[in-house]
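The values are calculated or read from the model by the stated rules, or taken from the named source; none is laboratory data. This is a predicted model, so every value here is computed, not measured. When we count neighbours, we look across all protein chains shown, and the Cβ atoms used for this are built from the backbone with ideal geometry, even at glycine.
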Amino acid sequence: MNEEHTTTAMGRFAAVMAKAAAYIMMIVFTIMTLYPIFWLLMNSFKSTREFQMSQLSLPAAPTLANYVEAWKMGDFGLLFPNSILYTAGATIGIVFVSLLAGFAFAKIRSRATTPLYNGFIIGLLVTTQSLMIPLFLEVNLLGIYNTRVAVLLVYIGAGLPLGVYLATEYIKSIPNALIESARIDGAGFFAIFARIVVPMSIPVAVTLSILNITSIWNEFALINILVSRTELKSLPLGIYKFSGSLSTDYGKQFAALTIGMVPMLLFYVIFRKQITRGVAAGAVKG
Amino acid sequence: MLQRKHRGIEEGRAYWAMVLPAFLIYVLVMAFPIILSVVLSLSNYDGGKMFGGDAWGFAGLKSYAQVFSDPLFWNALKNNVYIVLISVFGQLPLGFIFAYIIYRKLVKWPGFWQGVLYIPNILSVIVVGLLWQTIFSPNGPIAEFMNTIARAGFQSKLETLFSGAGGFNITDDLVRKMLNLAGPAASQWFTDPVPELKELILSYQGSPHALLINDLCNLFVQKWSPEFLSKPDIAMLPVLFVILWMYTGMYLILFLANMQKIDTQIIEAARIDGATEWQVMRFIIVPALSGTIVNSAILAISGSLSSFALIFAMTGGGPSRVTEILSIYMYNNAFLGRPNLPLANAISLIMVLVSFALIGATKALEKRYGGKEE
């Protein structure tokens with residue numbers, strides 16, 4: 001009786017300690033995550049001189065001058081629309097092309113499916129970044145260096161292995177009976193695709209969109225070798241301009257970094273649930 | 001019969017019409033570059049027109065020999081391995097612990113912690129790289145924070161000395177104590193420290209006490225300018241720290257999503273039968289997640305090989321190329337100085353093969369030792 005009492009007391013003590021340790025860990029890592037971002041935001045409102053005098057305190061004389069200048073110097077007025085175009089265009093392309101191929105692979109019998117599908121699956125293992133030099137040479141060979149088409153093509157191609165994989169696996173779960181009865185009613189495959197497959201594949205389309213929007217919006221390595229003209233660049237390329245010679249002009253650099261950070265933060269705040277779910281569903285490699 | 005044949009043709013046409021867009025783009029972006037890198041890595045192509053320009057031809061395995069005998073290649077490969085290791089032994093365990101804490105409801109507001117810890121993942125790697133470059137810079141916030149603390153400490157010790165001396169009663173003994181406090185920093189200013197410092201302090205008679213303290217601090221507290229990113233032997237550490245900072249949240253999400261698939265009745269039954277928290281983790285949760293753990297390791301490998309921009313922005317591969325990873329090593333061989341395109345293409349192909357080999361090895365390990373799941 002007495003012994004049992006002590007064990008439960010000890011158990012309770014251990015449980016409290018575990019909770020305390022859990023909270024401490026969470027709080028420490030939360031601060032470590034948020035403080036650098038907060039520090040950046042805070043200092044983006046200081047003049048470079050004020051930053052150099054004190055970088056740990058709140059801005060004494062907050063100013064938006066950094067943003068105005070960074071926006072001009074980084075040509076963000078040009079790059080923002082480009083980023084939106086590349087992200088939206090490539091995402092729509094990936095989703096559409098993947099669903100089409102996924103439908104064919106999942107629901108139309110063909111001897112070509114096994115080798116083709118496996119080809120896409122192998123692509124899951126290849127990171128497109130490791131192909132940037134041959135891609136650069138290929139794009140020059142085809143005469144599409146410094147074009148939006150090249151950027152969109154490469155982004156769509158890079159997204160296809162995961163897109164085709166997720167789309168095919170998802171469309172397999174659509175009941176065959178649905179498609180067969182539509183066939184008996186005389187519907188062609190494209191009509192079935194438009195009227196049955198696409199509406200039923202919205203969840204996988206959302207997952208694919210979420211994954212591709214975040215990765216394409218932030219992409220740097222590939223677009224860096226595909227375009228060199230300012231009119232064609234995306235935001236990450238513009239932000240990178242603020243390293244190097246401009247990196248001592250802290251005020252402007254911080255404003256540029258914040259400009260690069262805010263759209264994705266907003267996107268995350270709005271679509272957090274979908275993003276979290278999409279990441280868990282899309283974490284497939286081979 | 002005729003109708004069936006007609007249907008077969010229609011089916012075939014529809015199939016290819018649907019598959020071709022994906023197939024053609026895929027060939028253009030994945031398959032053709034791989035073939036191109038095979039061809040060029042075996043050649044002596046030196047830029048210029050690929051067709052109709054200067055002749056270029058077969059050069060055998062020369063470029064591969066050159067890569068494997070280049071210490072910079074092995075350094076870059078080593079850094080890629082470090083990134084995999086920090087993922088497998090840093091991000092994975094941390095992510096697992098966070099996920100476990102949230103899953104077992106050891107803390108309130110599960111959505112909040114999860115939401116916050118994932119934030120770095122959605123930021124642009126360029127933003128993250130440049131941000132941390134500034135944070136780690138010699139006069140960044142880490143340096144300022146440490147310097148502020150050091151100065152405050154010195155100041156309070158000075159104050160104690162002065163208040164012990166009771167106002168402005170400057171004795172040789174007090175000056176000597178002050179010099180002790182300042183340490184070797186003092187000797188660089190004076191040839192004969194004690195009388196010279198005493199004279200200096202006495203010259204402040206009449207001016208505000210705070211001014212004296214402030215000037216003494218300026219004189220004696222040495223500014224620390226850490227060289228996290230410019231010392232070759234440690235520059236990789238901040239890079240690895242940032243990678244840990246950035247991607248741990250992803251593994252948290254992966255683990256948590258898969259923990260939530262575990263049947264809670266099993267855990268409750270085990271708890272009723274007297275299993276401790278530790279036993280629940282060891283015998284129920286970890287085995288159920290073995291597939292996720294392998295999957296995460298594979299993600300870590302491919303993440304390491306695909307990373308480029310973070311290090312490109314943060315260190316540019318420097319100082320003196322010690323923080324180069326394979327992708328940056330390849331990039332520098334293709335675009336910096338005298339481009340060596342066969343070499344760069346050889347590296348490209350090696351990277352593709354390395355990812356196949358590593359992921360294959362991980363899967364083989366899973367087959368051998370895993371398989372508790374499903």
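Against the definition (within 22 Å of the chain's Cα centre (by Cα), of a type outside the set (G, A, S) and not in a helix (DSSP H, G or I)), how does A:L56 come out, yes or no?
For A:L56, the condition - within 22 Å of the chain's Cα centre (by Cα), of a type outside the set (G, A, S) and not in a helix (DSSP H, G or I) - is not met.
Every residue, every condition in (1) crowded, with 17+ Cβ neighbours inside 10 Å; (2) free of Cβ contacts under 8 Å to residues at least 12 places away in the same chain; (3) part of a helix (DSSP H, G or I), yes or no:
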| residue | (1), (2), (3) |
| --- | --- |
| B:G90 | yes, no, yes |
| B:P93 | no, yes, yes |
| B:K108 | no, yes, no |
| B:F112 | no, yes, yes |
| B:P138 | no, no, no |
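Which residue is farthest from the other protein chains (Cβ to nearest Cβ), if the candidates are limited to segment A:120-147 and must be of a type outside the set (F, W, Y) and under 23 Å from A:S201 (Cα atoms)?
A:I121
Note down all Cβ pairs under 6 Å where the first residue falls in segment B:11-39 and is at the interface with another protein chain (Cβ under 7 Å from one of its Cβ atoms), the second is outside any helix (DSSP H, G or I) and among the aliphatic types (A, V, I, L, M), and they're at least six residues apart or on different chains.
Partner pairs satisfying both residue conditions: B:E11/A:I108; B:Y15/A:I108.
Would you check if there is a residue in segment B:146-163 being in a loop (DSSP other than H, G, I, E, B) and touching a residue at least 12 places away in the same chain (Cβ under 8 Å)?
No.
Could you list all residues from segment B:186-200 that are in contact (Cβ under 8 Å) with a residue 12 or more places away in the chain and within 16 Å of B:I213 (Cα to Cα)?
Result: B:A186, B:L197, B:K198.
Out of A:T214, A:T230, I need the residue that is at pLDDT below 95 and closer than 22 Å to A:L266 by Cβ. Which one? Explain how you work it out, then say what you get.
Numbers: A:T230 fails: closer than 22 Å to A:L266 by Cβ.
Selected residue: A:T214, the only one of A:T214, A:T230 that is at pLDDT below 95 and closer than 22 Å to A:L266 by Cβ.
Being farther than 29 Å from B:F255 by Cβ and out of contact with any strand residue (DSSP E or B) (no Cβ under 8 Å at 6 or more places or on another chain): is that true of B:Y118 here?
Taking the combined requirement at face value, the residue does not satisfy it.
Determine whether A:F193 is within 22 Å of A:R109 (Cβ to Cβ) and surrounded by 14 or more Cβ atoms within 10 Å (Cβ to Cβ).
Details: within 22 Å of A:R109 (Cβ to Cβ): yes; surrounded by 14 or more Cβ atoms within 10 Å (Cβ to Cβ): yes.
So A:F193 fits the description; yes.
May I ask you to say which residue of A:R109, A:R49 is without any contact (Cβ under 8 Å) to a residue 40 or more places away in the chain, assigned to a loop (DSSP other than H, G, I, E, B), of a type in the set (K, R) and out of contact with any His (no Cβ under 8 Å at 6 or more places or on another chain)?
On the way: A:R49 fails: assigned to a loop (DSSP other than H, G, I, E, B).
A:R109 is the lone residue from the list that is without any contact (Cβ under 8 Å) to a residue 40 or more places away in the chain, assigned to a loop (DSSP other than H, G, I, E, B), of a type in the set (K, R) and out of contact with any His (no Cβ under 8 Å at 6 or more places or on another chain).
Filter segment B:253-267 down to the residues that are part of a helix (DSSP H, G or I) and closer than 28 Å to B:L117 by Cα and list them by number.
B:I253, B:L254, B:F255, B:L256, B:A257, B:N258, B:M259, B:T264, B:I267, listed by residue number.
Can you report the number of residues in segment A:224-245 which are part of a helix (DSSP H, G or I) and more than 10 Å from chain B (Cβ to nearest Cβ)?
So the answer is 5.
Per-residue answers, yes or no, for (1) buried (at least 22 other Cβ atoms within 10 Å of the Cβ); (2) at the interface with another protein chain (Cβ under 8 Å from one of its Cβ atoms):
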position	(1), (2)
A:S83	yes, no
A:I108	no, yes
A:V149	no, no
A:L166	yes, no
A:E169	no, no
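Condition (residue is touching a Pro at 6+ places or on another chain (Cβ under 7 Å), without any contact (Cβ under 8 Å) to a residue 24 or more places away in the chain and crowded, with 18+ Cβ neighbours inside 10 Å) applied to segment A:212-232: is it met by at least one residue?
Yes, because at least one residue in segment A:212-232 is touching a Pro at 6+ places or on another chain (Cβ under 7 Å), without any contact (Cβ under 8 Å) to a residue 24 or more places away in the chain and crowded, with 18+ Cβ neighbours inside 10 Å.
Name, by its number, the condition in (1) modelled with pLDDT under 90; (2) surrounded by 21 or more Cβ atoms within 10 Å (Cβ to Cβ); (3) farther than 21 Å from B:Y251 by Cβ that does not hold for A:I239.
Result: A:I239 fails condition (1) only.
Do you know which residues across segment B:346-362 are surrounded by fewer than 17 Cβ atoms within 10 Å (Cβ to Cβ) and within 9 Å of chain A (Cβ to nearest Cβ)?
B:F356, B:G360
Residue check: is A:T87 more than 9 Å from chain B (Cβ to nearest Cβ) and in a helix (DSSP H, G or I)? Walk me through it before giving the result.
Values: more than 9 Å from chain B (Cβ to nearest Cβ): yes; in a helix (DSSP H, G or I): yes.
Considered against the rule, which asks whether it is more than 9 Å from chain B (Cβ to nearest Cβ) and in a helix (DSSP H, G or I), A:T87 comes out as yes.
Restricting attention to segment B:105-123, does a residue exist that is in the same structural domain as B:S290 (by TED's automatic domain parsing), hydroxyl-bearing (S, T, Y) and over 23 Å from A:L211 (Cβ atoms)?
Checked against the condition, which is being in the same structural domain as B:S290 (by TED's automatic domain parsing), hydroxyl-bearing (S, T, Y) and over 23 Å from A:L211 (Cβ atoms), segment B:105-123 yields no hits at all.
For (1) touching a Phe, Trp or Tyr at 6+ places or on another chain (Cβ under 8 Å); (2) assigned to a helix (DSSP H, G or I); (3) of a type in the set (G, A, S); (4) within 20 Å of B:Y82 (Cβ to Cβ), each residue gets a yes or a no:
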site	(1), (2), (3), (4)
B:L212	yes, yes, no, no
B:F228	yes, no, no, yes
B:V242	yes, yes, no, yes
B:Y251	yes, yes, no, yes
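Residues in segment B:101-142 that are more than 9 Å from chain A (Cβ to nearest Cβ) and among the hydroxyl-bearing types (S, T, Y): how many?
Matching residues across segment B:101-142 total 1.
Return the only residue of A:L131, A:L153, A:L137 being surrounded by fewer than 23 Cβ atoms within 10 Å (Cβ to Cβ) and among the hydrophobic types (A, V, I, L, M, F, W, C).
Values: A:L131 fails: surrounded by fewer than 23 Cβ atoms within 10 Å (Cβ to Cβ); A:L137 fails: surrounded by fewer than 23 Cβ atoms within 10 Å (Cβ to Cβ).
None of the other options fit; the residue is A:L153.
So which pairs qualify, if the first residue must be in segment B:233-257 and within 19 Å of B:Y100 (Cα to Cα), the second must be outside any helix (DSSP H, G or I), the Cβ gap must be under 7 Å, and the two must be at least 6 apart or on different chains?
B:L254/A:A283; B:F255/B:L289
Please work out if A:L100 is in a loop (DSSP other than H, G, I, E, B), touching a residue at least 60 places away in the same chain (Cβ under 8 Å) and either under 20 Å from B:E10 (Cβ atoms) or within 8 Å of chain B (Cβ to nearest Cβ) (or both).
Answer is no for this residue.
Kindly check whether there is at least one residue in segment B:217-230 that is away from chain A (no Cβ under 14 Å), within 42 Å of the chain's Cα centre (by Cα), surrounded by fewer than 17 Cβ atoms within 10 Å (Cβ to Cβ) and within 24 Å of A:T33 (Cα to Cα).
Within segment B:217-230, one or more residues are away from chain A (no Cβ under 14 Å), within 42 Å of the chain's Cα centre (by Cα), surrounded by fewer than 17 Cβ atoms within 10 Å (Cβ to Cβ) and within 24 Å of A:T33 (Cα to Cα).
Restricting the search to segment B:129-151, which residues are among the small types (G, A, S) and more than 25 Å from A:L34 (Cβ to Cβ)? Don't jump to the end; show me each part of the working.
So in segment B:129-151, the residues among the small types (G, A, S) come out as B:129, B:137, B:140, B:143, B:150.
Within segment B:129-151, just B:A150 meets the criteria.
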